[in-house]
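Report on the structure given below.
The values are calculated or read from the model by the stated rules, or taken from the named source; none is laboratory data. None of these values were measured; they are calculated from a predicted model. Here the Cβ is made from the backbone with ideal geometry for all residues, glycine too, and neighbour counts use every protein chain on show. These accessible areas exclude ligands, DNA and RNA; they are computed on the full protein's heavy atoms, side chains included. Shrake-Rupley method; radii C 1.70, N 1.55, O 1.52, S 1.80 Å.
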Amino acid sequence: MSPEFLLTSLIVVASPGTGAIYTIAAGLTRGSRASVLAAFACTLGIVPHLLAAMLGLAALLHASALAFAVVKYAGVAYLLFMAWQTLQEHGALSVEAKADPRSAWRVLRDGVAINVLNPKLSIFFVAFLPQFIAAGEAAPLARMLELSGVFMAMTFVVFALYGLFAAAMRDKVVTRPAVMAWLRRGFAAAFVALGAKLAVTER
């Protein structure tokens with residue numbers, strides 16, 4: 001595992017994005033357990049992109065403007081839906097005094113969907129990982145799985161740390177309704193901004 005791969009992966013993972021913002025929001029509103037679940041869900045959402053890259057579907061997304069646009073705008077729509085839900089007091093990021101099994105499924109569902117509906121992840125696996133696979137590699141697919149596993153593990157750890165830090169600040173936030181109102185607006189604005197960024201993304 002080259003230092004270049006590890007460093008580049010860390011930069012990509014640690015950069016603020018939809019997954020990181022969602023995990024932080026889950027930690028603030030629902031606590032540490034939800035933040036770890038959100039990190040796991042976002043990591044799980046990477047798996048379809050890895051499979052797409054290995055099966056050649058990512059190349060289709062890269063080559064077909066229509067296929068890319070369909071997935072992209074589905075992702076934009078979901079981010080806008082998340083923004084609207086965030087603004088609702090009983091929506092996706094509602095504050096909970098105790099764990100609710102139904103909300104755990106919601107955290108899992110939304111976290112997976114946020115990453116599944118991001119077409120840039122598939123293209124990332126096609127463009128990024130092959131750079132770290134030697135031309136004469138005897139088992140390139142196995143090597144790709146190994147690199148992907150490290151990338152996913154790094155994603156989970158970094159996102160979980162973000163979420164746990166947010167959860168540690170939870171008590172100082174949820175007891176202040178005005179602060180929570182501004183946080184909801186801030187997270188909603190962040191989801192809208194990320195949706196807008198995705199909307200103007202080219203292949």
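Observations on the structure shown:
- Only one of the listed residues (LEU10, LEU6, LEU37) is open to solvent by 20 Å² or more (accessible area, probe 1.4 Å), in contact with a helix residue (DSSP H, G or I) (Cβ under 6 Å, 6 or more places away or on another chain) and touching a residue at least 40 places away in the same chain (Cβ under 8 Å). That residue is LEU37.
- Restricted to helices (runs of 4 or more DSSP H) entirely inside the stretch 124-203, those with at least 2 residues that are at pLDDT below 75 are 170-174, 177-199.
- Failed condition for THR29, given (1) at pLDDT 90 or above; (2) open to solvent by less than 10 Å² (accessible area, probe 1.4 Å): (1)
- Only listed residue being in a helix (DSSP H, G or I), modelled with pLDDT of 75 or more, farther than 20 Å from ARG184 by Cα and aliphatic (A, V, I, L, M), chosen from LEU80, LEU60, LEU50, LEU66: LEU50
- Scan the stretch 189-203 for residues that are among the β-branched types (Val, Ile, Thr) and either in contact (Cβ under 8 Å) with a residue 24 or more places away in the chain or surrounded by 14 or more Cβ atoms within 10 Å (Cβ to Cβ) (or both) and the total you get is 2.
- Total residues in the stretch 141-169 satisfying the condition of being over 28 Å from ALA65 (Cα atoms) and open to solvent by 30 Å² or more (accessible area, probe 1.4 Å): the figure is 15.
- Near pairs, Cβ below 6 angstrom, 6+ apart or cross-chain, from the stretch 130-149 (within 16 Å of SER2 (Cα to Cα) and among the basic types (Lys, Arg)) to any residue that is open to solvent by 50 Å² or more (accessible area, probe 1.4 Å) and modelled with pLDDT under 80: ARG143/GLU137
- Test: VAL116 is at pLDDT 75 or above and open to solvent by 40 Å² or more (accessible area, probe 1.4 Å): yes
- Test: residue in the stretch 179-188 that is in contact (Cβ under 8 Å) with a residue 24 or more places away in the chain, open to solvent by 70 Å² or more (accessible area, probe 1.4 Å), of a type outside the set (A, V, I, L, M) and within 30 Å of TYR73 (Cβ to Cβ): yes
- Hey, GLY19 farther than 19 Å from VAL71 by Cβ, small (Gly, Ala, Ser) and open to solvent by less than 60 Å² (accessible area, probe 1.4 Å) or not: no
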